[in-house]
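Peer 1: The structure that follows is given in the form of structure tokens.
The values are calculated or read from the model by the stated rules, or taken from the named source; none is laboratory data. All of these numbers come straight from a predicted model, not from anything done at the bench. For neighbour counting, all protein chains shown are included, and Cβ atoms are generated from backbone atoms with ideal geometry for every residue, glycine included. When the accessible area is computed, the model is the full protein with side chains, heavy atoms only, and any ligands, DNA or RNA have been set aside. Shrake-Rupley method; radii C 1.70, N 1.55, O 1.52, S 1.80 Å.
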Amino acid sequence: MSSKHAEKTNPYSRTQRRTAASHSAAGRPQQEPRNPYASSGGARKRSGMSGGGKIALIAVGAVLLFVVAVFAGIGAFAAGLDTIYPNVTVEGVDLGGLTVQQAQEKLEAAGYGEKSEQAVSLKITEKVSIVVTLADAGLVPDSAAEAAENAYSYGRSGGFIGNTIAYIRSVGNTTDVSARSDSAFDEAAVRAMIAEAASKVNAELSENAYKLTETTIEITKGASAILLDEDEIYDLIHQAFKDRNYTELEYDFEKTDPKPIDLAAIHKTVTTEMKNSEYDKTTGKGTQDVRGVTFDLTKAKNMYNAAADGETISVDLIITEPEVTKEQLEASLFRDVLGEKMTTMYTSSYARLNNIKLASEAFNGLILNPGEEFSFNGVVGERTAAKGYQGAAAYVGGKTVTEIGGGICQSASTLYYCTLLADLEIVERYNHMYAISYLPLGTDATVNWGTVDFRFKNNRDYPIKLEAYVSNAELYIKIWGTNVDGSYVTITNSIYSSTPYKTIEKETEDLAPGEKELDTSGYTGYTAEAFKNYYDKNGNLLRTEALGVDTYRVRDQVTLVGKKPEETSGETSGETSGETSGETSGETSGETSGETSGETSGETSGETSGETSGEAAPSAA
């Protein structure tokens, strides 16, 4: 190489030569030329890779290419598999290398469906435990086929790289794909089961707890209350599923000492009054019946005091079943006639007929549930002209007068007769002052607004309904109800005494001399008593019940006679008096007494006859 070429290629050669020359000229020893890239500690090596480094780099690249090739090959192999990856298990059953169908069959053979019954349990008391199965926790697929599909899907849900990595992992490690993730765990369901168990514990082991069975009340003496931490229990159960720990868990709960028991308060709470079904007048149906429940408080106290702490005593309940259930009531409502009676009003005035009709219409269709009471004055109300009542015969001070509402006692009396036949409880009833003719003595009832009432109560087990109407001067009354055993009642009476009335004549100047006019009709006095005769459904007399003696007053018949003028001479007076007395008095008296007295007395006695006498003189009762 020429020096010129050397200079071009080595920028330091010329300088080095000059430096060397100057040093030589000065007689000083020559030094090595300085490398500007050299450090103060020594000369720096020249940049650039040595041959050994290149070889190492090539080797690493070759290895990486090999690994990639192997990885790609494994990935391609895994992608081409139609079987489950190696070492993939479901609930401990190895399904690696199996097709989905084969995996399903293997799971079924291993009893996979039964594994859903595996459970985590926690015992709280002798009677209460929390048991949560795999199915309860949402940790088991619905079927072996779904479990097999899940196993096959493992490592196939990502991209090529992810799937290949999953396959490689499965080759070296066992992977269980059973549902165990928190996302699959049904927290709400498990917490609900814990809450239910806690509720049972609180009910069973509350302070001096008690519970009802169908036939007994069970009282635990001094049972300590258990305080449950539901969050802590949940964490225990959740972790047990993660660990596949199916042994019974232990839980240390807190207890509190009980307070003294109040058996009287429990008795009050437990006691329920029996209620029969009743007719609901709004809905037309029966109300719900209620079974009566109670227990012997004294017996319970004795048993409790004798019991040991923590012991449970059992006291028999006293059950009273309803006599009439809702079903029974609705099936037999108003099916039977319990009592009926017809009385006549053939000779009554239009006003009297009208009054009886209005009074009867007031209680027609009325329904009384068991225990309810009927008041004639309360239902019919005050008899006024504004309501349509008219003036008819009534008695005031023992005399016949015309008053608004006269005659309605026939409605009360006929209804009373029906209540006797229906065997209803009579609360208030008075007989008339004078005898009546439209019903047997002892079976009538008088009323007066504000003073005298007729009242009865439905003492039967079923509702009753009243029916009343007037047709062709006849009053019809019926009581409908339910005759459960076919028994019935008849009414008889006995007259113990009678006192005939007297006929009295009174002179008056208001009539022509010798003229006669009936002033007051006469009534025979009586003492009489009615009887209720009870028969069974076969007509056998069971018993007879006396209703008490009624007294009907006697009332003399009074005839007014026109006063005769006084005579001026003894002869004339004697002759005239004899003639008038013998002829006129005899004829007129016979005619008036026989016709007027008989007819008027009969009409008044038969129709009015003291029906309203009680209204004017209630003391007559």
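Peer 1: Rounded to whole Hz and in sequence order, give me ³J(HN,Hα) for region 436-453 from the Karplus expression 6.51 cos²θ - 1.76 cosθ + 1.60, θ = phi - 60°, writing x for Gly and Pro.
Peer 2: Using θ = phi - 60°, the values come out as 10, 10, 8, 9, x, 4, x, 10, 9, 8, 9, 9, 8, 4, x, 10, 10, 10 Hz.
Peer 1: Calculate the dipole size of region 291-423 relative to its Cα centre from +1 charges on Lys and Arg beta carbons and -1 charges on Asp and Glu beta carbons; express the result in debye to the nearest 20.
Peer 2: Roughly 940 debye, rounded to the nearest 20.
Peer 1: May I pose another question? At a 10 angstrom cut-off on C-beta neighbours, averaged per residue, how do the peptides 283-291, 538-546 rank from highest to lowest? If you can, show how the numbers build up before the last one.
Peer 2: Working: 283-291: 13.8, 538-546: 9.4.
Packing order, densest peptide first, comes out as 283-291, 538-546.
Peer 1: Leaving out same-chain residues fewer than 8 places away, which lysines sit with a Cα under 28 Å from that of K221?
Peer 2: K123, K127, K200, K211, K255, K259, K268, K299, K301
Peer 1: Amide H of G138 versus every other amide H placed in the peptide plane: which residues, excluding those fewer than 5 positions away on the same chain, fall under 5 Å?
Peer 2: D186
Peer 1: Between E146 and N173, what's the calculated FRET efficiency when r is the beta-carbon distance and R0 is 22 Å? Round to 0.05.
Peer 2: On the way: r = 24 Å, r/R0 = 1.08.
Efficiency, from the Cβ-Cβ distance: 0.40.
Peer 1: Determine the gain in length on full extension of the stretch S129-L511; use 0.36 nm per residue of separation and subtract their C-alpha separation, reporting nm with one decimal.
Peer 2: Here the answer is 126.7 nm.
Peer 1: In terms of Cα to Cα distance under 27 Å, which lysines are near enough to K465, apart from those fewer than 8 places away along the same chain?
Peer 2: List returned: K275, K281, K285, K326, K341, K357, K387, K457, K478, K532, K537.
Peer 1: Given a cut-off of under 8 Å on Cα pairs at least six residues apart, what relative contact order in percent is computed for region 410-546?
Peer 2: 24
Peer 1: Suppose each label sits 7 Å from its Cα in the direction of the beta carbon; what would the A307-E321 distance come out to in nanometres?
Peer 2: Reported label-point gap for A307 and E321 is 2.9 nm.
Peer 1: On to the next question. Assuming a viscosity of 0.692 mPa s and a temperature of 37 °C, what translational diffusion coefficient in µm² per second does Stokes-Einstein assign to region 282-421, Rh being the Kirkwood radius over Cα pairs? Walk me through the intermediate numbers first.
Peer 2: Details: Rh = 20.3 Å.
Diffusion coefficient, whole number: 162 µm²/s.
Peer 1: Averaged per residue, what accessible surface does region 259-331 expose to a 1.4 Å probe, in Å²?
Peer 2: Per-residue value: 63 Å².
Peer 1: Still on this structure: Give a residue-ordered list of calculated ³J(HN,Hα) values for region 341-349 (Karplus: 6.51 cos²θ - 1.76 cosθ + 1.60, θ = phi - 60°; whole Hz; x for Gly, Pro).
Peer 2: With coefficients 6.51, -1.76 and 1.60, one gets 7, 10, 10, 9, 9, 4, 9, 6, 6 Hz.
Peer 1: What is region 425-470's relative contact order, in percent, from Cα pairs under 8 angstrom and six or more apart in sequence?
Peer 2: Values: 44 pairs, mean separation 19.2, N = 46.
Relative contact order of region 425-470: 42 percent.
Peer 1: Round to the nearest 0.05 the FRET efficiency obtained for Y496 and K281 when R0 = 41 Å and r is the Cβ-Cβ distance.
Peer 2: 0.40
Peer 1: 7 Å from Cα along Cα→Cβ at both A110 and L542: what's the point-to-point distance in nm?
Peer 2: Between A110 and L542, the simple spin-label model gives 7.8 nm.
Peer 1: Which FRET efficiency value, to the nearest 0.05, is calculated for A189 and E340 with the Förster distance at 56 angstrom and r the Cβ-Cβ distance?
Peer 2: With a Förster radius of 56 Å, E is 0.25.
Peer 1: Need the full-extension length gain, K200 to T213, defined as separation in residues times 0.36 nm minus the C-alpha distance. One decimal, nm.
Peer 2: On the way: separation 13, 0.36 × 13 = 4.68 nm, distance 1.47 nm.
Here the answer is 3.2 nm.
Peer 1: While we're looking at this one, here's another question. Give the relative contact order (percent, whole number) for region 281-382; include only Cα pairs under 8 Å separated by 6+ residues.
Peer 2: Working: 51 pairs, mean separation 27.0, N = 102.
In percent, rounded to a whole number, it is 26.
Peer 1: Can you list the lysines whose alpha carbon sits under 27 Å from that of K502, skipping same-chain ones fewer than 8 residues off?
Peer 2: K399, K516, K563, K564
Peer 1: Can you check what the net charge comes to around M342, using other residues whose Cβ is under 11 Å from the Cβ of M342 (Lys, Arg +1; Asp, Glu -1)? Spell out each step's value before the answer.
Peer 2: Details: positive: K341, K478; negative: E340, E474.
Charge balance near M342 sits at 0.
Peer 1: Quick one: pull the percent of accessible area on region 390-495 belonging to carbon and sulfur, 1.4 Å probe, ligands and nucleic acids left out.
Peer 2: Roughly 46 percent of what the probe reaches on region 390-495 is carbon or sulfur.
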